[in-house]
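The values are calculated or read from the model by the stated rules, or taken from the named source; none is laboratory data. Just so it is clear, the model here is predicted, and its values are computed rather than measured. Reconstructed Cβ throughout: ideal geometry from the backbone, glycine too, with neighbour counts over all protein chains shown. Accessible surface is based on the protein model in full, side chains and every heavy atom, while ligands, DNA and RNA are left aside. Shrake-Rupley method; radii C 1.70, N 1.55, O 1.52, S 1.80 Å.
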Amino acid sequence: MSESNVRARVVKATVSPTTKQIHKDDFKTLYGSDILEPPYNLTELKLMGEYSSILQQCIDAYKTNIVGFGVESEYKLDINSEEIEQAVKEQAEKENTRLGEFIRYLNLDESPELILGYVIDDREKTGNGYIEIIRDGTRLPVGIEYADAQHMRVCKKTEPEEVEYKILENGVEKKVKRWKRFRRYVQMIDQEKVYFKEYGDPRIMNSATGKFDESTPENLRATEIYHFKIGSGTYGKPRWLGNLISLYGARKAEELNLMYFTNGRHIPAAITVSNGQLDDTSYNNLQTYMNDLSGTDNAHKFLLLEVQGIAEEKMTNGDEKITPAKVEIKSLAEVLQQDALFLEYDENTRQKIRSSFRLPPLYTGEAQEFSRATADTARKVTEEQVFQPERKTLARILNALFLEPLEFQYVKLSIKGADFHDPIEIAKVLSPFIQAHAVAPNDLRPLLGQVLGKKVEFLPEEYDLPMTPMQNQSGVSDGLRDIMKSDYQQESLIDLLKDMRDVLESMQS
């Protein structure tokens, strides 16, 4: 009874694109006593923007639309109102000038928008962002500096400290005290540590040791840190963290596509040998062939397989009867897509990441399916639900940091947003009001300036009257007729007549 044996061996290339990077944590040996360990490797999170094909676009959209349009000073009240006293108006104007200068020189090397953009970039990548607040000799805040989140760590809370606050009670300023536990922060770069204290901590701390010491020299006194974070934990967590596995999967899919196109001649195939066997020499040659697939220099090669047939029986003359061997190569390329692999998976990953930021494709440069109506709707909804709340939260923090110690009463920091006003559309809306004579010329002058692209001065007050229909054939409108009948015009006419009378009398004499 004859037996047939089947042997299977897998031949594959030994080249692998797997990364060999190790994200080292310099604080590894310091956790546990005072420094708290973050839940995730901050360096790896910081680099995810370089690994992903969609994450950085979402973060750039946040930076541009939250702080990219500028930080400016804004009045808390309408200084042009007749109800505002002149002294209050003058004080508000002085504070507005002073706050504008403070914003301009908040950082001497870079603009405030750029510094805050760095912070938002760190916060969206790692869940944490930090700014260092610099005070002058009078202990007033005068500047901010960016602190890289991957080098910062949070320490445990210190003992409670009594702090004084200013509040308003029935419109009257009042000082209150409360106990608060502050944190310390530590930064390590090249094995050198620097300690910071939390913003608002009134104690003097040594930046080299992290200990509170009143005798600390001026050059070693720690500055303050404000921690921007997502969430209520000790460390923040990025909003896209739930899609971390999808980001890694999309990266692996792109690496697989890279290998597919780099080794484009490598087509999955099954080699079947019937009535024969592949000897070790041919197998080793086949393995060498597979390992040399990479690169364009090896794009055109032929594979020759030599197979030994199986001897069935010996002939009478001593020769062996050899069964002819049959070799078939069956392509498995039908399991691959025509251009690349996992394109649908990659698209789903992009949608997941955009969803975690609550951004439409319009903000990440993917607007092929948008019309003007859908684009305007997407912009307005995203502005209302995402960017405007973020700007208000950031402005509220900045005002809390700087307005109270600098004693600004009538002005505040404001973060500008995108201008969605369309002068053409506004003009269409204003047409019924103009026809109903409910609009004065000066009401429309700013809009006219936007259309013309230049500043248009306001008309004098006597001409700033609602436009009314013509009542006579002479072309004089009711508005002009009212001007002619005004007390001012009558007094001018009387003075003119008196001057003419005096001239005539002098001529007669």
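Could you count how many residues in the range 363-383 are not in a loop (DSSP other than H, G, I, E, B) and not aromatic (Phe, Trp, Tyr)?
The total comes to 13.
Checking the condition touching a Leu at 6+ places or on another chain (Cβ under 7 Å), outside any loop (DSSP other than H, G, I, E, B) and either of a type in the set (Val, Ile, Thr) or open to solvent by 70 Å² or more (accessible area, probe 1.4 Å) (or both), which residue from VAL186, VAL154 passes?
Only one candidate passes the filter, namely VAL154.
Condition check ((1) touching an Asp or Glu at 6+ places or on another chain (Cβ under 8 Å); (2) over 27 Å from GLN351 (Cβ atoms); (3) open to solvent by 50 Å² or more (accessible area, probe 1.4 Å); (4) in contact (Cβ under 8 Å) with a residue 12 or more places away in the chain) across all residues:
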site	(1), (2), (3), (4)
TYR31	yes, yes, no, no
ASP34	no, yes, no, yes
GLY68	yes, no, yes, yes
GLU90	no, yes, yes, no
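Quick one: what pairs do we get from the range 356-369, first residue free of Cβ contacts under 8 Å to residues at least 40 places away in the same chain, second part of a loop (DSSP other than H, G, I, E, B) and surrounded by 15 or more Cβ atoms within 10 Å (Cβ to Cβ), C-beta under 6 Å, 6+ apart or different chains?
What qualifies is LEU362/PHE370.
A quick yes/no check of all residues on (1) β-branched (Val, Ile, Thr); (2) touching a Leu at 6+ places or on another chain (Cβ under 8 Å); (3) surrounded by 13 or more Cβ atoms within 10 Å (Cβ to Cβ):
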site	(1), (2), (3)
GLU407	no, no, no
TYR410	no, yes, yes
GLU425	no, no, no
VAL439	yes, yes, yes
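Please state which of the following conditions GLY127 fails to meet, knowing it meets all the rest: (1) in contact with a Phe, Trp or Tyr (Cβ under 7 Å, 6 or more places away or on another chain); (2) at pLDDT 95 or above; (3) at negative phi.
Evaluating GLY127 over (1) in contact with a Phe, Trp or Tyr (Cβ under 7 Å, 6 or more places away or on another chain); (2) at pLDDT 95 or above; (3) at negative phi leaves (3) as the failure.
Among (1) at pLDDT below 95; (2) hydroxyl-bearing (Ser, Thr, Tyr); (3) within 22 Å of GLU145 (Cα to Cα), where does SER246 come up short?
Status for SER246: all satisfied but (3).
Only one of GLY231, GLY171, GLY143, GLY236 is within 30 Å of TYR105 (Cα to Cα) and either loosely packed, with under 13 Cβ neighbours inside 10 Å or in contact with a Lys or Arg (Cβ under 8 Å, 6 or more places away or on another chain) (or both); which?
Going through GLY231, GLY171, GLY143, GLY236 in turn, the sole match is GLY236.
Listed here are the residues, each with its yes/no results for (1) closer than 21 Å to ARG379 by Cβ; (2) at pLDDT 75 or above.
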position: HIS421; (1), (2): yes, no
position: ILE426; (1), (2): yes, yes
position: ILE434; (1), (2): no, yes
position: HIS437; (1), (2): no, yes
position: ARG445; (1), (2): no, yes
position: GLN450; (1), (2): yes, no
position: LYS455; (1), (2): no, yes
position: PRO460; (1), (2): no, yes
position: PRO466; (1), (2): no, yes
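Among the residues in the range 154-175, are any in contact (Cβ under 8 Å) with a residue 24 or more places away in the chain and within 22 Å of LEU45 (Cβ to Cβ)?
yes
LYS392 versus (1) over 18 Å from the mean Cα position of the chain (by Cα); (2) open to solvent by 80 Å² or more (accessible area, probe 1.4 Å): which is the lone unmet condition?
LYS392 satisfies every listed condition except (1).
Name the pairs whose Cβ atoms lie under 7 Å apart, with the first residue in the range 442-462 and open to solvent by less than 60 Å² (accessible area, probe 1.4 Å), the second not hydrophobic (A, V, I, L, M, F, W, C) and not in a helix (DSSP H, G or I), and 6 or more positions between them or separate chains?
These pairs meet every condition: ASN442/ASP464; GLY449/LYS455.
Across the range 360-389, what is the total count of residues that are more than 21 Å from PRO112 (Cβ to Cβ) and either open to solvent by less than 50 Å² (accessible area, probe 1.4 Å) or of a type in the set (A, V, I, L, M) (or both)?
Of the residues in the range 360-389, 14 are more than 21 Å from PRO112 (Cβ to Cβ) and either open to solvent by less than 50 Å² (accessible area, probe 1.4 Å) or of a type in the set (A, V, I, L, M) (or both).
So which of GLU83, GLU132, GLU113, GLU159 ends up being open to solvent by 10 Å² or more (accessible area, probe 1.4 Å), at negative phi, assigned to a strand (DSSP E or B) and acidic (Asp, Glu)?
After ruling out the rest, the residue left standing is GLU132.
Output the number of the condition that LYS94 fails; it satisfies all remaining conditions of (1) of a type in the set (D, E, K, R); (2) surrounded by 14 or more Cβ atoms within 10 Å (Cβ to Cβ); (3) closer than 21 Å to GLU407 by Cα.
Answer for LYS94: the failing condition is (2).
Criterion first (modelled with pLDDT under 90, open to solvent by less than 70 Å² (accessible area, probe 1.4 Å) and either of a type in the set (S, T, N, Q) or touching a Leu at 6+ places or on another chain (Cβ under 9 Å) (or both)) does TYR51 satisfy it?
yes
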